[in-house]
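The values are calculated or read from the model by the stated rules, or taken from the named source; none is laboratory data. Computed from a prediction, not measured in an experiment: that's the story for all the values here. Here the Cβ is made from the backbone with ideal geometry for all residues, glycine too, and neighbour counts use every protein chain on show.
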Amino acid sequence: MITVIGNLKGGTGKSTVAFNLSIWVATRRNVHVSVYDLDPQATITDALEIRTEDGHMPTLEPIHNANELGSEGKHTEVIVDIGISDNEAMNTGLQRADRIVIPVAPSQADVWSTQRFLKLISNVRKTGVVPEIIGFMNRSDTHTAVRETDDAFDALNSLSGIKMIEPRLYQRTAYRRSFSEGMAVFEMDAKSKAAAEIEELGELLY
């Protein structure tokens, strides 16, 4: 299955999600994972290079050629990190995706951006089978009194063409550290709140 992690807005945590899910699938499901880094910022590539240099297993080699997407065997899970700076690569990813997962930060601007992204997907996929489109709240506020996350979720849940799921990733230092150490959050600290969040998200998606 080809799973694209994407959104039009920067700062939604696409690379963080793609990085952690890639390692989760490889270790928890024990299947071959192909990771496509189609974002010119190459954030996930940097993290995977650190992972290899530090000897963490399994190692994952990022692929940067969008034209190779879909050439994997049927027993391979494919995770694609797309960026808005390369329209051609982004469109290729969207065209070939079996599933599109959209992380959304809790703000009105991110809700608007997600609406535009859904329209883009619809334009790119005018013909053929429509992929499953799943959204979830990312970088959610940890303070229970703050309503932005719930408000954004409710707004997105009212949109057609997207299925919002309940698991949320919260604004935590662990996610930033995971990149710098080349490790998934559940590898750094299996008992952390961030680890529990990725475990729940991975179980639901895979």
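In table form, for the structure just shown:
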{"read-out": "The stretch 126-146, subset out of contact with any Lys or Arg (no Cβ under 6 Å at 6 or more places or on another chain) and of a type in the set (Ser, Thr, Tyr), residue surrounded by the most Cβ atoms within 10 Å (Cβ to Cβ)", "value": "142"}
{"read-out": "Test set (1) of a type in the set (Gly, Ala, Ser); (2) in a strand (DSSP E or B); (3) surrounded by fewer than 18 Cβ atoms within 10 Å (Cβ to Cβ) - residue 11 fails condition number", "value": "(2)"}
{"read-out": "Verdict on residue 69 being closer than 26 Å to residue 168 by Cα and touching a strand residue (DSSP E or B) at 6+ places or on another chain (Cβ under 7 Å)", "value": "no"}
{"read-out": "Single residue of the stretch 147-188 satisfying the filter (hydroxyl-bearing (Ser, Thr, Tyr) and in contact with a strand residue (DSSP E or B) (Cβ under 7 Å, 6 or more places away or on another chain)) that is surrounded by the most Cβ atoms within 10 Å (Cβ to Cβ)", "value": "149"}
{"read-out": "All positions within the stretch 85-105 that are of a type in the set (D, E, K, R) and either over 30 Å from residue 166 (Cβ atoms) or part of a helix (DSSP H, G or I) (or both)", "value": "86, 88, 96"}
{"read-out": "Residue 177 being within 19 Å of residue 13 (Cβ to Cβ) and at pLDDT below 95", "value": "yes"}
{"read-out": "Count of residues meeting criterion [within 13 Å of residue 179 (Cβ to Cβ) and either in a helix (DSSP H, G or I) or touching a strand residue (DSSP E or B) at 6+ places or on another chain (Cβ under 8 Å) (or both)] in the stretch 38-62", "value": "9"}
{"read-out": "Residues that are of a type in the set (Gly, Ala, Ser) and in contact with an Asp or Glu (Cβ under 6 Å, 6 or more places away or on another chain), drawn from the stretch 1-54", "value": "15, 18, 34"}
